[in-house]
Amino acid sequence: MSYHHSVLQCNKIKIMPESLAIKISAGEVVERPASVVKELVENSIDAKATDISVYIHDGGRKLIRVIDNGEGMTRDDAVVAFERHATSKLLKEEDLYSIHTMGFRGEALPSIASVSEIVLTTKITGEITGSMVKVKGGIIEEVRDAGCADGTTVEARDIFFNTPARLKFMRSVATETGHIADTITRLALAYPAIRFRLFNNGSAMLKSSVKADLRIRIADVFGRDFLKDIIPLEAGNGVLNIHGFIAMPETAYSTTKGLFIYVNNRWIRDRGINHAITNGYRNVLGQGKYPLVVLFITIAPQNVDVNVHPTKCEVRFKSPKSVYELVSRAIEAVLAPSHVSFLKSYERKVLTAEVREGAVNYNNASHNSSAVPLIDEGIEGGLQASQQGLEETVAYTKELFFRELEVIGQLWQEYLLCEREGEFYIIDQHAAAERSAFEKLKGDYYLNRRVSSQLLLLPQKIELSLQEKEAIESSMEAITDLGFDIEPFGGNTFIVRAVPEILSGIDCRGLIKELLDDLVSSEMSFRIEGRLDAILMRIACHSVIRGKRILSHEERKALVIRLSQVDFAGNCPHGRPVIKAISKFEIEKMFKRR
Amino acid sequence: MKFEIERDVFLKILQRAQGVVEKRNTMPILANILITAKRGKIEVMATDLEVSIKDQCDAVVAKEGNITINARKLFEIIKEAPEDKIDISAEGSGKIIIKSGKAKFNIVGLPVDEFPSFPAYDEGELFRIAPDVLKDMIEKTVFAASTDETRYNINGVFVEKDGANIRMVATDGHRLALIERSSEWPKLDKGVILPRKGILELKKFLESGEGAISLAFTVNNMIVKKDGTIVVIRLIDGEFPDYKQVIPKGNDKKIGLERIDLLSSLKRVSLLSMEKGRGVKFGISKGKLELSSSNPDVGEAREEINVDYKNDEMDVGFNATYMMEALGVIDADKVVIELKDRESPAILKSATAAGYLYVVMPMRI
């Protein structure tokens, strides 16, 4: 009986027909209309197009048309392109490890063709006639000559017409349109030299400039107003380089939608890098806030695996730690006081070109200096004499700046009004007091390098996942150094016997969980420092004046002077600005004098 | 609705209701109070859904009815009213008119049926208690209750009956205060947890002048009655930790000392502890306790006091605030600290009187 049974079972396994296999794999590549747009536009980019237009109807469900002015294809190529794993970009196995083109798996066109109705028209530059190929549900229906412009046009209609399950799970037109716009935005940022246009139901959603650079492209995409709030970023050591623009912390979102991360010019999602970015911003941006960052990571192809997922939006680095450190430190360095906008104009006048050069060296030095998690630029040992010189110069100019600020009054008992040299400044007194208290606390803490811990009368139990358990066991030492005392209690349960004194009164279990989550996702313990900062911020916030209060002239002056003594980036620890400048020009414009 | 009332009488009950009204205003109606005019009296009700208060006073009621009105605005208006007589009337449309002398206010109320109903209780269950004992027990425990909102089960004081004794316990996970008194007490089948806010409201009540106080417990609430005022406090629905388990036994290193000596010395020495830490080192040797603290930024402090101690020398750290808070409420000239080692819980209690126990965990400094 059982013998028969197993024979029967054996016979159940059959090789599935190619058409079904394609449809299944199409599901991986073509998740939604936006994936079709992505694949088609990437093909256009690979075909060296300099002008790409995308037309969509009904969130791409009805129609997606991508028109490029690229190289075009011969008729034979156009037909072969619809066969699975047909690619012009990857011919032998070694090529897989040095991928320089966008697409390479040879899955895109056949996958899209298997779930929609496609018409491809293409003409090679200089040829008289082009070709037209019509494919429906994966079957070639028609191939003929066609008159058309140079380049390739692909029109996909009725996506998912033959996969009702997928069709059912599509979101609203607005959602799908949003996804397509995101896709084009990501590509437009990566290829500023290419002109991108997106038309939704006939009207233009996005029109970018011709032959732009990244800065202009950012203005194209996010609006011209952003230009004054972004700071260029550049760092690296030749093997691993990053460049891009980061926004001042005022532009913050509560989701990661403002993070545009590219690895070798390919947009990706990476929790580790998101983390590195928020870590770089940790002193100027509150918890759960994300800045606007456009970041390009250039890394030798052999040090990164982009073939993790069919949609290619995830990568695996050979050394995630070095990427993390580079990103995090570069951002932190750029946000350091010498780059802050309200001081910028002032310092530009004071700092000499030589000192500016020094600033660059200083940044590099701190990248290479050591593998130890960075403590605080101010007390990191081993700074060379020239860099110390720079620090003094910066400190001097900052102090001078605040000393020269004349407090002219207080507004609504909450803001200080100041003036100096044709500029008008508004200081949020609570934010200012909080910021300076935070810096003081932080300084004390890192100077003492000593963590008192409070033993718990009621030890707290904490349940961990397997991953978290591994993380805690491997980083027990770091956790103990911070004043925690955590012991295994059988299975996945751990017992917290002591907490850093500074954390007492706050439920530490959530914090430990978050900490471990970070350890798991970023494979390093950078965030422990970030969390302590968060705790210090909380203390700072409670230790200073809150709400409305009339300050005497002496108090006002003292508060302003105190600001000069802290290393801060123009924001309170929660990420709100501390000081804002309004130029005479702006005020004169307000009154129509200009 | 229409009634006339004396300003000072009205002000007094409005003030009490004010304390209960929800400050954060999660529901707009909770910023209001409910006034009901009936048979020569008005009744004022306020609630934040955790603590509810019902008060009443005499008034000249011309027309019965009820209104809800913003508690703070009404209180401020009555406080500044020019005359002793206040006249309040309302139309069906929800417009409330307040008149005093030549001053007249038109206020918009909220619909009466939106106001939460007052928790039910049985008048017959109310039991007269000794206010002084209750007040003392609260004062000696509530400071140790947790303020961490995520640990709601220790955000209050645990109360239970043990034979003829009443016991109250509070803890924040670092220290624990326990008091036991023999006192008359209403029926209480099992231990209950009173929330901090309710406890503080109750304490205010106990402090406000003479008058008998009655208590009763229902499944979810504690009911307190004094004169015509009724306060209902919702109990915390949770499991209080097994406090008996954390009270150490066999702490053989006993230090006898003057309460005031230790308290004032701690106040001085902790001045130089770290910002939030307040960690103070206790260096104990025969007949001597040396308290010390240091802060690399500021400096260090040291003070020696004479104690009664005959055991081995040892060092242990404590959070000075935790020690001082307990020393502040113990009424005895002499206290005892009982220790085992530098990692185990210590006991602080009166050297003479039983009934109060304070357990505190050391700090690693």
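The values are calculated or read from the model by the stated rules, or taken from the named source; none is laboratory data. All values derive from a computational prediction rather than experimental measurement. Positions of Cβ are generated from backbone atoms using ideal geometry, with glycine treated the same way; all protein chains shown enter the neighbour counts. Surface accessibility is based on the protein's heavy atoms, side chains included, excluding ligands, DNA and RNA. Shrake-Rupley method; radii C 1.70, N 1.55, O 1.52, S 1.80 Å.
Tell me, what ³J(HN,Hα) does each residue in the stretch A:145-159 have, in order and in whole Hz, if you take phi through Karplus 6.51 cos²θ - 1.76 cosθ + 1.60 with θ = phi - 60° and put x for Gly and Pro?
5, 8, x, 7, 6, 4, x, 10, 10, 10, 10, 10, 10, 6, 5
Residue by residue through the stretch A:170-185, which ³J(HN,Hα) values in whole Hz follow from phi under the Karplus form 6.51 cos²θ - 1.76 cosθ + 1.60 (θ = phi - 60°), with glycine and proline marked x?
Using θ = phi - 60°, the values come out as 5, 7, 5, 4, 4, 5, 5, 4, x, 5, 5, 4, 4, 4, 5, 4 Hz.
Which residue, B:Arg167, B:Arg39, B:Arg196, has the most motion in a Gaussian network model of chain B that connects Cα atoms within less than 10 Å?
Looking only at B:Arg167, B:Arg39, B:Arg196, the largest GNM fluctuation is found for B:Arg39.
So if I place +1 on the C-beta of Lys and Arg and -1 on the C-beta of Asp and Glu, and nothing else carries charge, what would the dipole magnitude of the stretch B:248-360 be about its Cα centre? I want it in debye, nearest 20.
200 debye
Leaving out ligands, DNA and RNA but keeping every protein chain, what accessible area does A:Tyr253 have, in Å² rounded to the nearest 10, with a 1.4 Å probe?
50 Å²
For peptide B:358-365, what's the mean number of Cβ atoms from other chains within 10 Å of each residue's Cβ?
5
Give me D for the stretch B:248-360 in µm² s⁻¹, whole number, from Stokes-Einstein with Rh from the Kirkwood sum over alpha-carbon pairs, 4 °C and 1.567 mPa s.
Rounded, D is 92 µm²/s.
Quick one: net charge around B:Lys203, please, counting Lys, Arg +1 and Asp, Glu -1 for every other residue with C-beta under 10 Å from its C-beta.
Net local charge, B:Lys203 excluded: -1.
For B:Asp331 and A:Ala558, what does the FRET efficiency come to when R0 = 60 Å and r is the distance between their Cβ atoms, rounded to the nearest 0.05?
Details: r = 44 Å, r/R0 = 0.73.
The calculated FRET efficiency here is 0.85.
Show me, for the stretch A:124-130, the HN-Hα J-couplings you get by feeding each phi into the Karplus relation (A = 6.51, B = -1.76, C = 1.60, θ = phi - 60°), rounded to Hz, glycine and proline as x.
Once rounded to whole Hz, the list reads 6, 3, x, 6, 8, 10, x.
Hey, with R₀ at 25 Å, roughly what FRET efficiency would B:Gln18 and B:Lys203 work out to, going by the Cβ-Cβ distance, to 0.05? Before the final figure, lay out each step's value.
Details: r = 16 Å, r/R0 = 0.66.
Calculated transfer efficiency: 0.95.
How far apart, in nm, are the 7 Å Cα→Cβ label points at B:Ser93 and B:Glu125?
Rounded to a tenth, the inter-label distance reads 4.5 nm.
What is the stretch B:2-114 by shape, rounded, prolate or oblate, if you read a ≥ b ≥ c off the alpha carbon gyration tensor as root eigenvalues and call it rounded for a/c under 1.5, prolate for a/b larger than b/c, and oblate otherwise?
rounded
Starting from the Cα gyration tensor of chain B, take the square roots of the eigenvalues, sort them a ≥ b ≥ c, and report rounded, prolate or oblate (rounded when a/c is under 1.5, otherwise prolate if a/b is larger than b/c, else oblate). Please list the in-between numbers first.
Details: a/c = 2.89, a/b = 2.19, b/c = 1.32.
Prolate.
Label points 7 Å out from Cα along the Cβ direction at B:Ala351 and B:Glu139: separation in nm?
In this crude spin-label approximation the distance works out to 2.3 nm.
Determine the distance separating the Cα centre of the stretch A:29-55 from the Cα centre of the stretch B:39-107; give it in Å without decimals.
Each part's Cα centre sits 70 Å from the other's.
Where the centre of each part is set by its Cα atoms, how far does the stretch A:166-241 sit from the stretch B:300-365, in angstrom?
That distance is 65 Å.
Quick check: at a probe of 1.4 Å, how many percent of the accessible area of the stretch B:248-360 sits on carbon and sulfur atoms?
Carbon with sulfur: 46 percent of the solvent-accessible area.
Give the peptides B:279-292, A:182-195 in descending order of average Cβ contacts within 10 Å, highest first.
Result, highest mean Cβ count within 10 Å first: A:182-195, B:279-292.
Calculate the spin-label point distance for A:Ala165 paired with A:Lys62, positioning each point 7 Å from the Cα along the beta-carbon direction, and give it in nanometres.
Label-label distance for A:Lys62 and A:Ala165, simple model: 2.9 nm.
What net charge is computed for the residues neighbouring B:Lys288, neighbours being all others with C-beta under 10 Å from the C-beta of B:Lys288, Lys and Arg scored +1, Asp and Glu -1?
So the surrounding residues net to -2.
What helices does chain B hold that run 18 Å or longer along their axis, going by alpha-carbon atoms, with a Kyte-Doolittle average of 0.0 or more, using DSSP H for the helix calls?
Going by DSSP H runs, the hits are B:7-20.
For the pair B:Asp162 and B:Ile260, what calculated FRET efficiency results from E = 1/(1 + (r/R0)^6), where r is the Cβ-Cβ distance and R0 = 25 Å, to the nearest 0.05?
0.20
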